[in-house]
1. Take the Cα of residue 30, step 7 Å along the line toward its Cβ, and report every residue of the range 76-117 whose backbone nitrogen sits under 14 Å from that point.
2. Taking square-rooted eigenvalues a ≥ b ≥ c of the alpha carbon gyration tensor, is the range 26-137 rounded, prolate or oblate, where a/c under 1.5 means rounded and, failing that, a/b exceeding b/c means prolate?
3. Hey, what number do you get for the chain at 222 nm if only DSSP H runs of n ≥ 4 count, each worth -39500 (n - 2.57), divided across all residues, to the nearest 500?
4. Between residue 175 and residue 54, what FRET efficiency follows from the Cβ-Cβ distance if R0 is 41 Å, with the result rounded to 0.05?
5. Using only alpha carbon pairs under 8 Å that are at least six residues apart, calculate the relative contact order of the chain and give it in whole percent.
6. On a C-alpha basis, how far is the centre of the range 160-178 from the centre of the range 113-145 in Å? Whole number, if you could?
7. Which FRET efficiency, nearest 0.05, do residue 45 and residue 130 yield, Cβ-Cβ r, R0 30 Å?
8. Determine, from the Cβ-Cβ distance of residue 7 and residue 82 and an R0 of 30 Å, the FRET efficiency 1/(1 + (r/R0)^6), rounded to the nearest 0.05.
């Protein structure tokens with residue numbers, strides 16, 4: 001697996017067009033190591049979870065689950081709403097982990113990033129999300145914690161991440177995610 005490309009699937013728990021979390025994913029795609037393919041998936045067309053449909057999945061959910069399975073690792077950018085992660089993200093996770101016995105996330109390495117205009121940079125959302133990811137039998141990266149406070153000061157008017165310290169944290173997070181993905185893959 002030395003020269004093999006690592007596929008990372010990234011998605012943001014925000015539907016907002018100018019989301020800082022979507023901008024974090026954009027920055028990650030620019031900062032990814034050369035051996036990484038980072039595909040960004042938009043959660044916008046995923047319908048609200050309905051257990052009545054889990055054995056006849058909507059097409060967008062089938063596509064999402066397929067992309068998760070094809071990925072070597074997952075990168076999630078989450079906003080913080082009311083001290084937790086967004087309903088949009090929870091909804092997507094519910095679809096991807098259902099029906100029972102068909103958890104697309106099982107065994108996947110995962111990294112989390114968050115951005116917020118507030119002081120904590122999405123820290124509380126990350127801690128809640130981490131609990132869910134462990135419950136889904138995923139393998140989260142612990143360090144570095146990429147939490148971007150005062151995001152409105154760290155991105156320019158075009159959504160470009162201009163804060164070099166944050167860019168370095170993202171580089172390190174991606175490097176650690178790639179190494180973790182390789183280690184998990186080699187241990188199988």
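1. none
2. It is oblate, given that a/c is not under 1.5 and a/b is not larger than b/c.
3. -12000 deg cm²/dmol
4. 0.65
5. About 25 percent, as a whole number.
6. 16
7. 0.70
8. Taking R0 as 30 Å, the efficiency between residue 7 and residue 82 is 0.35.
We did not get these values from a lab; they are worked out from the coordinates using the rules stated. Quantities reported herein were computed from a predicted structural model and do not represent experimental measurements. Virtual Cβ from ideal backbone geometry, glycine too; neighbours counted across all protein chains shown.
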